[in-house]
Amino acid sequence: MEGLVISDAVKDLIINIIDIIILFVIVRALAYKPVKKFLDARKERIAKELSDAAALKSEAEEKAQEYGRLEEESRAKSSEMLSEAERNARKAADEIIAAAKQNAAQIGEKAREEAIKEHDAQIASVKEDITGLAFDISKQVLAREVTDEDNRRIADAFFEKYSAAE
């Protein structure tokens, strides 16, 4: 009986090995392939997400560099525009100052002309007054009749002589 027991044990062992192999094939067919497929799909999805993240990071870095370049360009343009505005303001101020100086010179010239006219008018008025007084005095001194034309001629001669002496 001992041979039988070993044989039953071997038989049980063979059956167990066959059961394990069948169970392995069934588990592999039913569980391993779907799990492996799920894990492979997950692995691909993670790899794709990592590559997408790297692409997005690269794109973000490129955009950051582009924005930095655009910021520098806008700063340069704004600085240039500010310089241009300052030059235009200085030019406008110089033009205004030049116009004001010219206007002041014109006003001064007009004032001089008016002063000369006023001076000439006052001199003429003084001449008239002096002439009138001189005529009155000469009429009284001479007590004769002298015409206004004679008086004017004498006064003009006097003032010409007086003006030449100055």
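Quick note: the coordinates plus some simple rules give every number you see, no bench work behind them. What you are looking at is a predicted structure, and each value in this text was computed from that prediction instead of being measured. Don't worry about glycine lacking a Cβ; one is built from the backbone with ideal geometry, like all the others, and counts go over all protein chains shown.
Annotation: lysines with alpha-carbon distance below 29 angstrom to K36 (same-chain offsets under eight excluded): K48.
When the Cα positions of S163, N103, L13 are compared along the charge dipole of the chain, L13 comes out farthest toward the positive end, with charges on each C-beta of Lys, Arg, Asp and Glu.
Couplings for the range 11-24, taken from phi via the Karplus curve 6.51 cos²θ - 1.76 cosθ + 1.60 with θ = phi - 60°, read 4, 5, 5, 5, 5, 5, 5, 5, 4, 5, 5, 5, 4, 4 Hz in order; Gly and Pro are left as x.
Straight-line reach from K117: taking Cα to Cα under 20 Å and skipping same-chain neighbours fewer than 8 places apart, the lysines in range are K127. A dipole drawn for the range 1-125 from +1 and -1 charges on Cβ atoms has a positive end, and of S125, A93, L30 the residue lying farthest that way is L30. The Cα atoms of the range 47-143 define a convex hull whose projected area, averaged across directions, is 7.9 nm². Residues in the range 94-107 carry Karplus couplings, in order, of 4, 5, 5, 5, 5, 5, 5, 5, 5, 5, 5, 5, 5, 5 Hz; the curve used is 6.51 cos²θ - 1.76 cosθ + 1.60 with θ = phi - 60°, and Gly or Pro positions show x. Using the rule -39500 (n - 2.57) for each DSSP H run of four or more residues, divided by the residues of the chain, the 222 nm mean residue ellipticity is -35000 deg cm²/dmol. Coupling constants for the range 148-154 follow from the phi torsions by the Karplus curve (6.51 cos²θ - 1.76 cosθ + 1.60, θ = phi - 60°), and in residue order they are 5, 5, 4, 4, 4, 4, 5 Hz; glycine and proline get x. Across all C-alpha atoms in the chain, the radius of gyration and Dmax reach 62.6, 201 Å.
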